[in-house]
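The structure appears below as structure tokens.
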Amino acid sequence: MAAPVLRAADSPVDGMGVLLDRLREVDARFPGELGVYLKDLHSGTSLSFRDEQTWYFASGVKLPVAIAVLRGVEQGRLDLDQQVPLLAEDYVDGAGKTKLYPPGTPLTLRFLLEQMMIYSDNTASDVLIRLVGLEAVNAITTELAPGGFQPITSLAAVRRYVYGYYSPRASQLSGAQLLLLKQQPNPAARLALLGRLLQLTPGELARGDLDSAYRAYYRMQLNSGRLSAYAGLLERLVAGEALDAERSSYLLRLMDRSLTGQKRIRAGLPKNARFAHKTGTQWARFCDFGVISTPESAPRQLIVAACTRDDRSLQRAELALREVGEALQAAGTLRPPVEDFP
């Protein structure tokens with residue numbers, strides 16, 4: 001019999017019904033919308049809160065990029081210590097220090113994977129995407145979460161699509177120009193610079209602010225999907241079905257070392273819980289995806305995929321995601337599993 005999937009009308013199972021009520025409360029306080037999918041790997045019970053909708057994953061797409069790279073290592077086509085030159089076309093704004101190196105700098109796959117998964121470095125991500133190819137990245141999601149992911153693009157393409165709201169010439173923006181645009185002190189200054197770079201007319205710039213541009217981009221549904229599909233990708237990774245044991249362990253250790261999203265789900269979990277995760281952050285879109293593990297003396301593993309949307313406040317979004325972690329704890333979802341009697 002299939003494990004129950006809890007929705008608004010379902011009765012409590014394994015603490016999930018209580019959790020669902022608490023998630024409704026979190027969602028009611030948050031000015032935007034909250035989406036959550038959770039699966040208990042011990043019982044197989046899952047919870048769905050707005051999972052039937054499509055959510056923007058932002059940097060969450062870096063997980064299938066990492067899997068594609070590590071499959072190349074597993075198959076002997078790539079090596080973690082091999083070097084890849086940084087090209088001018090690879091530069092993207094965002095966290096991490098890859099963008100600080102000059103073009104032509106040789107960087108190891110190990111360094112690039114660490115930058116991508118620990119610091120969510122966009123430039124490192126695009127170097128790795130260039131190495132393995134978007135076709136390989138999208139093949140990973142098709143295989144491991146069939147039908148659940150929309151097409152994944154490079155991180156630089158995201159920026160060019162957004163700016164493409166104003167002019168198709170945005171597709172020609174260089175990596176250096178993308179960095180320069182991000183360095184502007186406010187959205188108005190960024191649009192003014194964009195106008196100069198693309199030689200836009202006042203009429204083209206008057207189409208709308210950056211919020212309008214991002215909303216138009218989100219309607220394209222690139223780099224998006226169902227939260228249950230992302231959770232399924234994580235479940236296949238934990239089960240050793242995405243990579244072999246050595247590479248699975250390596251990737252989960254990288255995710256355990258993640259330094260992003262410290263105020264999100266992790267902040268609401270018990271101090272002794274481990275959370276191997278990947279965050280996603282973009283305009284009015286904030287996510288946290290990961291595997292929660294309780295101590296070995298009382299083992300339990302839960303997979304959670306959670307996102308917020310339609311509120312630009314990082315502080316409010318992180319509070320909502322932290323409250324997801326707190327709800328998991330308060331509902332008893334993280335307690336040791338009750339063993340079945342023979």
Over region 163-266, what lengths in whole Å, largest first, do the semi-axes of the equivalent ellipsoid take, defined as the square roots of 5 times the eigenvalues of the alpha-carbon gyration tensor?
38, 16, 14
Crossing angle, helix 122-132 versus the chain [Cα axis fit, 0-90 degrees, rounded to tens]:
90 degrees
Tell me which aspartates and glutamates have Cα within less than 20 Å of residue 99's Cα, excluding those fewer than 8 residues away on the same chain?
81, 89, 90, 114, 121, 126
So the pair-distance distribution of region 43-100, from every Cα-Cα distance in 10 Å bins, comes to percents of 15, 30, 32, 17, 6
Once every DSSP H run of n ≥ 4 in the chain is given -39500 (n - 2.57) and the sum is divided by its residues, what mean residue ellipticity at 222 nm do you get, rounded to the nearest 500 deg cm²/dmol?
-12500 deg cm²/dmol
Along each of the three principal axes of the Cα atoms of region 47-143, give the extent in whole Å, ordering the values from largest to smallest.
45, 31, 21
Report, in cubic angstrom per residue, the convex hull volume of the C-alpha atoms of region 233-342.
123 Å³
Peptides 59-71, 142-154, 86-98: what's the order by average Cβ count within 10 Å, highest mean first?
59-71, 86-98, 142-154
I'd like the FRET efficiency for residue 221 and residue 272, computed as 1/(1 + (r/R0)^6) with the beta carbon distance as r and R0 of 25 Å, rounded to 0.05.
0.05
Taking only the alpha-carbon positions of region 77-123 and ignoring solvent, what does the Debye formula give for the base-10 log of I(q)/I(0) at q = 0.21, 0.25, 0.29 Å⁻¹?
-0.66, -0.91, -1.14
Sticking to Cα atoms, compute the Rg of region 136-203 to one decimal and its Dmax as the biggest Cα-Cα distance, whole number, in Å.
15.5, 46
Separation between Cα centres of region 217-264 and region 155-214, rounded to whole Å
30 Å
Proximal lysines to residue 271, defined as alpha-carbon separation beneath 25 angstrom and excluding residues fewer than eight positions away on the same chain:
39, 263
The chain - Debye-derived log10 I(q)/I(0), Cα point model, q = 0.07, 0.08, 0.13, 0.15 Å⁻¹:
-0.30, -0.39, -0.99, -1.27
Using 0.36 nm per residue, how much length does the chain from residue 24 to residue 183 gain when fully extended, once their Cα-Cα distance is taken away?
53.5 nm
Kirkwood-Stokes translational diffusion coefficient of region 112-235, alpha-carbon pairs, 10 °C, 1.306 mPa s, µm²/s
99 µm²/s
Could you give P(r) for region 88-177, binned at 5 Å from zero, as whole percent values over all Cα-Cα pairs?
3, 14, 21, 22, 20, 13, 6, 1
Quick one: helix 187-198 against the long Cα principal axis of the chain, what's the angle to the nearest 10°, folded into 0 to 90?
50 degrees
Go ahead and run the numbers for FRET between residue 52 and residue 88, Cβ-Cβ distance against an R0 of 45 Å, rounding to 0.05.
0.60
With label points set 7 Å from each Cα along the Cα-to-Cβ direction at residue 192 and residue 97, the distance between them in nm comes to 3.4 nm
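Computed from the coordinates by the stated procedures, all read-outs in this text should not be read as laboratory data. None of these values were measured; they are calculated from a predicted model. No Cβ is skipped: glycine too gets one built from the backbone with ideal geometry, and neighbour counts run over all protein chains shown.
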